[in-house]
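Enquirer: Mind having a look at this structure? Questions to follow.
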Amino acid sequence: MQAAPAPPPFSEPAVAAAPASGRGASLHALLRELYPVPRSLTGDGVRQTLQLLQRRLLPGLVLHEVPSGTPVLDWTVPAEWRLRDAYVATAEGERIIDWHAHNLHVLGYSQPVQSWLTLDELRPHLHALPAQPELIPYRTSYYHANWGFCVSQRQLDALNEPLYEVCIDAELDPTGSLTYGELLLPGEVDDEVLISCHICHPSLANDNLSGLVVAAHLAAALGQQPHRLSYRFLFVPGTIGSITWLSRQTPASLARIRHGLVATLLGGPGAFTYKRTRLGRADIDRVVAQVLRRGGYPHELRDFVPYGYDERQYCSPGFDLPVGCLSRTPHGEFPEYHTSADNCDFVQPDQLAESLQLYEEVLRVLEGNQRYQNRQPYGEPQLGRRGLYGAVKGQGNPRQAEMALLWTLSYSDGQHDLLAIAERSGLPFEVIRRAADQLQAADLLAPLPATA
Ligand code: ZN
């Protein structure tokens, strides 16, 4: 038998240094800085957002520009939308709806307009929320030529002038491009973890800035320490961005993606929700479920549905990547969703810090989860002779540590990974992971390559 390679170091949590409160403040500061940037599917708002991430946290972030009109899978990269000004004004020149007052006031991807309209002519282009009269809704019209304004019902009810000046100074440039950001953090092995978040919403804090700032902090922390797996972070406009990225991959590059998460809706007071991968039995599905349960986080596990965020694209049957979606309250299930109430007060620093901590715990298990082969499977190896039995020192629970050795030997049959052994034994993953390191150091376990 060959000598087993040295056991891989089991890394501590990806970020352990700063206290949660300090990290929450850092996450929230970035969220507040990004909040006013006028993002959309394309345009300078997206570029400014990515450049700000580069400056603050991620110097290695690569910005990709894909020309408008490029065919991407069954779609086409849209014209680049540039908005310079937008308002509705009275005959006296008073701006009663003003894009400069709130990004949400303009229907995303509005066509240019410069006209005088009666209230009846204007009204079909105004969007409000009668059931939430103080809030401005978030509306877009990416793939149908249209224009419009979003206002509170209170603003709408107050309109009583006969004639309004309507201006949307915008351009849909067919020679523009779509921008997305990508950061690869190479590890000891080529197996990749994909973390994806959407970056196309203007002035909405939970959807989507919370996912963006958590992903950026996660990447920054990983970039400062060694890790076994490789990590690929994507910052893409929703749907068309992930479709564009997927269209530029090769079968070989996609085959490296062993685990993935869409990071979104990570603020707000709600409990965590994990939406499984399409087939529902990927490693990431087991890992997230285990971390949520063992960590005592209130949470809900849901099966995949073909609606939601970019997991729809990654999990489409042709690609079938093992990508789940780990959020707090899902889209459409909290009253602030897609309204002006999804602001920097709705998302609190501690919520962001807890979300980041959860992601780090998930990555920690992914890092440590491997399969092993018991090298002495005929009868129980004599642990005492190797200093492993009854002599486990410096560990909180010696009995638990001994049981972990027995469980790990018993199920290291090439079929079960360490997570499965933790689940089967009811012991914490960290305890099983430590047992595997001890057994490997004693030449009783040999690591196996990841399954295809
Ligand atoms: Zn949204």
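The values are calculated or read from the model by the stated rules, or taken from the named source; none is laboratory data. All figures in this text were calculated on a predicted structure; none of them were measured in a lab. For neighbour counting, all protein chains shown are included, and Cβ atoms are generated from backbone atoms with ideal geometry for every residue, glycine included. When the accessible area is computed, the model is the full protein with side chains, heavy atoms only, and any ligands, DNA or RNA have been set aside. Shrake-Rupley method; radii C 1.70, N 1.55, O 1.52, S 1.80 Å.
Enquirer: When you look at residue 347, is it in contact (Cβ under 8 Å) with a residue 60 or more places away in the chain, touching a Ser or Thr at 6+ places or on another chain (Cβ under 6 Å) and of a type in the set (Val, Ile, Thr), yes or no?
Expert: When the stated conditions are applied, residue 347 passes them.
Enquirer: For residue 196, indicate whether it is among the hydroxyl-bearing types (Ser, Thr, Tyr), surrounded by fewer than 18 Cβ atoms within 10 Å (Cβ to Cβ), under 29 Å from residue 267 (Cα atoms) and within 16 Å of the ligand (Cβ to nearest atom).
Expert: So residue 196 fails the test.
Enquirer: Name the residue, out of 152, 177, that is in contact with a Pro (Cβ under 8 Å, 6 or more places away or on another chain) and within 30 Å of residue 55 (Cα to Cα).
Expert: 177
Enquirer: For the stretch 65-151, which strands (runs of 3 or more DSSP E) that fit wholly inside it have 3 or more residues that are open to solvent by 40 Å² or more (accessible area, probe 1.4 Å) and either closer than 30 Å to residue 318 by Cβ or not assigned by TED's automatic domain parsing to the domain that holds residue 236 (or both)?
Expert: Because the criterion is at least 3 residues that are open to solvent by 40 Å² or more (accessible area, probe 1.4 Å) and either closer than 30 Å to residue 318 by Cβ or not assigned by TED's automatic domain parsing to the domain that holds residue 236 (or both), the strands (runs of 3 or more DSSP E) in the stretch 65-151 that meet it are 113-118.
Enquirer: Got a number for residues in the stretch 419-452 being touching a Leu at 6+ places or on another chain (Cβ under 9 Å) and of a type in the set (Lys, Arg)?
Expert: 1
Enquirer: Can I ask one more? Can you find even one residue in the stretch 242-250 that is part of a strand (DSSP E or B), at pLDDT 95 or above, open to solvent by less than 10 Å² (accessible area, probe 1.4 Å) and in contact with a strand residue (DSSP E or B) (Cβ under 6 Å, 6 or more places away or on another chain)?
Expert: no
Enquirer: Sort out which residues of the stretch 303-339 are open to solvent by 70 Å² or more (accessible area, probe 1.4 Å) and either away from the ligand (no atom under 14 Å from the Cβ) or hydroxyl-bearing (Ser, Thr, Tyr) (or both), and write them in order of number.
Expert: 303, 305, 306, 307, 317, 318, 335
Enquirer: Okay, next question. Is there any pair with a first residue in the stretch 232-253 that is closer than 19 Å to residue 191 by Cβ and a second that is open to solvent by 40 Å² or more (accessible area, probe 1.4 Å) and not in a loop (DSSP other than H, G, I, E, B) whose Cβ atoms are under 7 Å apart and which are 6 or more apart or on different chains, and what are they?
Expert: Listed by first residue and then by second, the contacts come to 232/184.
Enquirer: Quick one: which of 258, 293, 281 is out of contact with any Phe, Trp or Tyr (no Cβ under 8 Å at 6 or more places or on another chain), under 23 Å from residue 217 (Cα atoms) and among the charged types (D, E, K, R)?
Expert: After applying the criteria, what remains is 258.
Enquirer: Another question, if that's okay. Criterion first (more than 16 Å from the ligand (Cβ to nearest atom), open to solvent by less than 10 Å² (accessible area, probe 1.4 Å) and touching a Phe, Trp or Tyr at 6+ places or on another chain (Cβ under 8 Å)) does residue 231 satisfy it?
Expert: Judged against the criteria, residue 231 is not a match.
Enquirer: A further question follows. Return the residues of the stretch 437-452 that are in a helix (DSSP H, G or I) and either under 31 Å from the mean Cα position of the chain (by Cα) or of a type in the set (D, E, K, R) (or both); say none if nothing qualifies.
Expert: Answer for the stretch 437-452, where residues must be in a helix (DSSP H, G or I) and either under 31 Å from the mean Cα position of the chain (by Cα) or of a type in the set (D, E, K, R) (or both): just 437.
Enquirer: Going through the stretch 200-221 one residue at a time, which ones are open to solvent by 10 Å² or more (accessible area, probe 1.4 Å) and more than 12 Å from the ligand (Cβ to nearest atom)?
Expert: Within the stretch 200-221, 217, 220, 221 meet the criteria.
Enquirer: Return the residues of the stretch 285-310 that are acidic (Asp, Glu) and within 30 Å of residue 426 (Cβ to Cβ); say none if nothing qualifies.
Expert: Hits for the stretch 285-310 are 285, 300, 303.
Enquirer: Check 375, 399, 371, 385 and return the single one that is over 12 Å from residue 440 (Cα atoms) and either modelled with pLDDT of 90 or more or under 35 Å from the mean Cα position of the chain (by Cα) (or both).
Expert: 385 is the lone residue from the list that is over 12 Å from residue 440 (Cα atoms) and either modelled with pLDDT of 90 or more or under 35 Å from the mean Cα position of the chain (by Cα) (or both).
Enquirer: Is it true that some residue in the stretch 348-366 is of a type in the set (Val, Ile, Thr) and either within 16 Å of the ligand (Cβ to nearest atom) or within 18 Å of residue 208 (Cα to Cα) (or both)?
Expert: No - not one qualifying residue is present in the stretch 348-366.
Enquirer: Follow-up question, since we're still on this one. Filter the stretch 251-263 for residues that are of a type in the set (Gly, Ala, Ser) and open to solvent by 10 Å² or more (accessible area, probe 1.4 Å) and give the result.
Expert: 252, 253, 255
Enquirer: Consider only pairs whose beta carbons are under 6 Å apart and that are at least six residues apart or on different chains; among these, list those whose first residue lies in the stretch 153-170 and is touching a residue at least 40 places away in the same chain (Cβ under 8 Å) and open to solvent by less than 30 Å² (accessible area, probe 1.4 Å) and whose second residue is part of a strand (DSSP E or B) and hydrophobic (A, V, I, L, M, F, W, C).
Expert: 164/88; 164/117; 166/88; 166/113; 166/117; 168/86; 168/113; 170/83
Enquirer: Return the total of residues in the stretch 34-53 being open to solvent by 10 Å² or more (accessible area, probe 1.4 Å) and in contact with a strand residue (DSSP E or B) (Cβ under 8 Å, 6 or more places away or on another chain).
Expert: Counting residues in the stretch 34-53 that are open to solvent by 10 Å² or more (accessible area, probe 1.4 Å) and in contact with a strand residue (DSSP E or B) (Cβ under 8 Å, 6 or more places away or on another chain) gives 4.
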